[in-house]
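A short worksheet on the structure shown next.
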Amino acid sequence: EISSLPAELCQLASLERLVAAGNALTTFPDSFSSLASLRELDVRRNQLTTLNAVYALPNLAILQAEHNNLVSLDAQLGPKVREFDVPHNSLTRFTLAARGAMDVSYSLTVLDLSYAKLSTLSDDALRQLVNLDTLKLDYNKFTRLPETLTSLPNLRTLSCVDNVLASLPSDLGKLFKLEVLNVHNNNLREIPSGIWHCRSLRVLNASSNLLPAFPDPPTDTSDVTSVLHAPHGTAETVQGDALDENPTLPLCSSLRKLLLCDNQLTDDIFDTIAMMGELRCLNLSFNDIYEIPTWSLSKNPNLEEL
């Protein structure tokens, strides 16, 4: 039931980790930002309405602030922050605000904004997070995601479960390191054809949407060809030599788990499934399927769960 931290806390010059979870904190003392050695802060399950004093901590790397009273975050994250977890707040606004006049080189790898009330993110909200690995936006009110999302070169996990998404970014295929895409329980009526360009995607969960079909492979592969020869060292994410054999369909050799249950798919989906020879798990429950073509699953020799 601690409601405030003492100003003298700033005298702990060597303090690296502070855990004050499950209390009644509403704010931080003015001197809090002088904790120069603090690297990890856990203030989950408190009554905080602002994190402004936290942003000035020069060496903060991990911040856990879920289950508080945060409504608006204009986060001025320091360059050393790696994990920023603020789920279970009543957030209606999130932006990244620059600290001072100089551009910030963000180290952030994990951003969790789930269980909030966010309906949109500005196009600039994510643009600078070039090191972001995991983005969690579950249980919000998103109708769309910013197109700048596809400019995150190191994104591996994107989760936007239980929202009201009507579409996904058209250039989704530019996320060449994306391994897990979870958009379960939204209002999606289509998936961008660029999904076939996601060369590292292993798990795709688009269950409980309004999908009548899986997109056909794109016919224009010029952008894929240019990426394959780009000097960014991303070729190692490709599974085996499959991409060299068929550079237009990298998803065929990467996808291991496909969950499309509770949609409006018909028997035609098996024409698409037949192209995904590396599938291990396939869930097509609760669709409009009347018959599994006799030839179809023979094209999936690695299937373990159906």
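Among the residues of the stretch 32-65, write down those that are over 17 Å from Ser3 (Cβ atoms) and hydroxyl-bearing (Ser, Thr, Tyr).
Ser33, Ser34, Ser37, Tyr55
Anything in the stretch 269-306 that is assigned to a helix (DSSP H, G or I), closer than 16 Å to Lys257 by Cβ and polar (S, T, N, Q)? List them, or say none.
Thr272
Among (1) under 22 Å from Val203 (Cβ atoms); (2) in contact with a helix residue (DSSP H, G or I) (Cβ under 9 Å, 6 or more places away or on another chain); (3) at pLDDT 50 or above; (4) not aromatic (Phe, Trp, Tyr), where does Thr272 come up short?
(2)
Residue under question is Leu306, and the condition is that it be exposed (fewer than 13 other Cβ atoms within 10 Å of the Cβ) and at pLDDT 95 or above; does it hold? So that I can check it myself, show each step before the final result.
Working: exposed (fewer than 13 other Cβ atoms within 10 Å of the Cβ): yes; at pLDDT 95 or above: yes.
It is true that Leu306 is exposed (fewer than 13 other Cβ atoms within 10 Å of the Cβ) and at pLDDT 95 or above.
Out of everything in the stretch 275-294 that is touching a Cys at 6+ places or on another chain (Cβ under 6 Å) and modelled with pLDDT under 95, what residue ends up being surrounded by the most Cβ atoms within 10 Å (Cβ to Cβ)?
Here the answer is Met276.
If the requirement is being touching a Ser or Thr at 6+ places or on another chain (Cβ under 8 Å) and farther than 25 Å from Val71 by Cβ, which of these qualifies: Ala166, Ala125, Ala116?
Numbers: Ala125 fails: farther than 25 Å from Val71 by Cβ; Ala116 fails: farther than 25 Å from Val71 by Cβ.
Every option except Ala166 fails the conditions.
From the set of residues in the stretch 157-182 that are closer than 19 Å to Ile273 by Cα and at pLDDT 95 or above, which is farthest from the chain's Cα centre (by Cα)?
The residue in question is Glu179.
When Ser208 is evaluated against the numbered criteria (1) among the hydroxyl-bearing types (Ser, Thr, Tyr); (2) within 17 Å of Arg256 (Cβ to Cβ); (3) open to solvent by 10 Å² or more (accessible area, probe 1.4 Å), which criterion, by number, is the only one it fails?
That leaves (2) as the condition not met.
Select, from Asp138, Asp162, Asp124, the only residue that is in contact (Cβ under 8 Å) with a residue 24 or more places away in the chain and open to solvent by 60 Å² or more (accessible area, probe 1.4 Å).
Every option except Asp124 fails the conditions.
Output the residues belonging to the stretch 185-196 that are open to solvent by 20 Å² or more (accessible area, probe 1.4 Å) and assigned to a helix (DSSP H, G or I).
Ser193
What is the one condition in (1) farther than 21 Å from Asp133 by Cβ; (2) in contact with a strand residue (DSSP E or B) (Cβ under 8 Å, 6 or more places away or on another chain) that Leu48 does not satisfy?
Failing condition for Leu48: (2).
Every residue in the stretch 1-31 that is under 26 Å from His88 (Cβ atoms) and polar (S, T, N, Q), please.
Correct list: Ser3, Ser4, Asn23, Thr26, Thr27.
The values are calculated or read from the model by the stated rules, or taken from the named source; none is laboratory data. Predicted model, so just to flag it, every value in this text is computed and none were measured. Every residue, glycine among them, receives a Cβ derived from its backbone with ideal geometry; neighbour counts consider all protein chains shown. All accessible areas refer to the heavy atoms of the entire protein, side chains included, with ligands and DNA or RNA removed. Shrake-Rupley method; radii C 1.70, N 1.55, O 1.52, S 1.80 Å.
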